[in-house]
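Inspection log for the structure reproduced underneath, given as structure tokens.
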Amino acid sequence: MSWKTLETKIIYDNPWFTVREDRVINPGGGENDYGYVHFKKKAIAIVPLDQDGNTWIVGQDRFTLGEYSWEVPMGASEADEEPLDTAHRELKEETGLTAKTMTSLMRLHTSNSITDEVGFVFVAEDLCVGETRFDEMEVLDIRKLPLHEVVAMIGRGEMTDAISVAAILRIYADQNIKRVETT
């Protein structure tokens, strides 16, 4: 048996997300309430990589956490915007970089027990440096670091954003697999 929705109640709604509470019959046959957050936009993350194995990360004070957060460049894709177009836009806005090559790396769900948010991760290569265009709410610190140093930051708990961690570790794993295959 799968989930069956009996009734939906909107608790909160704004241009970015809706908080819903559904009365459901769960897969075990019981009836209960299930609350979750429906995201109206897609999360788009970009890992810029240069030919020397460096990447760029951005740091910012995150209101929701009440703390500073190191992340890969990312933003929200509008409903009528292709994720690839968002990736190019957000990379330029947050780092000033433009990429001649943008490759899809992965699709993921950020916390699928409480939200339907979907994220897309791209790898940006063949980079050109330019000027940033921060959004009004963004005051970002930009760092260019070797990829292995960002992996070390994850290990030390200095980067905790789920999409960023997944993206960096996926690229790092892929690079190490390629090294093993060629030896």
Margin query: When you check TRP56 against the structure, is it within 17 Å of VAL129 (Cα to Cα), of a type in the set (Phe, Trp, Tyr), in the same structural domain as SER164 (by TED's automatic domain parsing) and touching a helix residue (DSSP H, G or I) at 6+ places or on another chain (Cβ under 8 Å), yes or no?
Written below: yes
When (1) of a type in the set (Val, Ile, Thr); (2) touching a strand residue (DSSP E or B) at 6+ places or on another chain (Cβ under 6 Å); (3) crowded, with 17+ Cβ neighbours inside 10 Å are applied to ILE154, the one that fails is (2)
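Could you tell me how many of the residues in segment 113-128 are in contact with a helix residue (DSSP H, G or I) (Cβ under 8 Å, 6 or more places away or on another chain) and small (Gly, Ala, Ser)?
If we filter segment 113-128 for residues that are in contact with a helix residue (DSSP H, G or I) (Cβ under 8 Å, 6 or more places away or on another chain), which is where we start, we get 119-124.
Checking the rest, the ones that are also small (Gly, Ala, Ser) come to 119, 124.
The total comes to 2.
Criterion first (touching a helix residue (DSSP H, G or I) at 6+ places or on another chain (Cβ under 7 Å), assigned by TED's automatic domain parsing to the domain that holds ALA152, within 15 Å of ILE163 (Cβ to Cβ) and not acidic (Asp, Glu)) does MET74 satisfy it? Quick ask: steps written out before the conclusion?
Values: touching a helix residue (DSSP H, G or I) at 6+ places or on another chain (Cβ under 7 Å): yes; assigned by TED's automatic domain parsing to the domain that holds ALA152: yes; within 15 Å of ILE163 (Cβ to Cβ): yes; not acidic (Asp, Glu): yes.
It is true that MET74 is touching a helix residue (DSSP H, G or I) at 6+ places or on another chain (Cβ under 7 Å), assigned by TED's automatic domain parsing to the domain that holds ALA152, within 15 Å of ILE163 (Cβ to Cβ) and not acidic (Asp, Glu).
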Across (1) within 20 Å of ILE163 (Cα to Cα); (2) in the same structural domain as LEU147 (by TED's automatic domain parsing), GLN51 clears everything bar (1)
Being surrounded by 15 or more Cβ atoms within 10 Å (Cβ to Cβ), in contact with a Lys or Arg (Cβ under 8 Å, 6 or more places away or on another chain) and either under 17 Å from SER164 (Cβ atoms) or among the acidic types (Asp, Glu) (or both), is that true of even one residue in segment 127-141? no
Checking VAL151, VAL121, VAL139 in turn, the sole residue that is outside any loop (DSSP other than H, G, I, E, B) and touching a residue at least 40 places away in the same chain (Cβ under 8 Å) turns out to be VAL121
Taking segment 43-74 and keeping residues at pLDDT 95 or above and over 20 Å from LEU145 (Cβ atoms) leaves ALA43, ILE44
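The values are calculated or read from the model by the stated rules, or taken from the named source; none is laboratory data. Note that the structure is predicted; figures quoted are calculated from it, not measured. Counting neighbours? That spans all protein chains shown, and the Cβs are built from the backbone with ideal geometry, glycine included.
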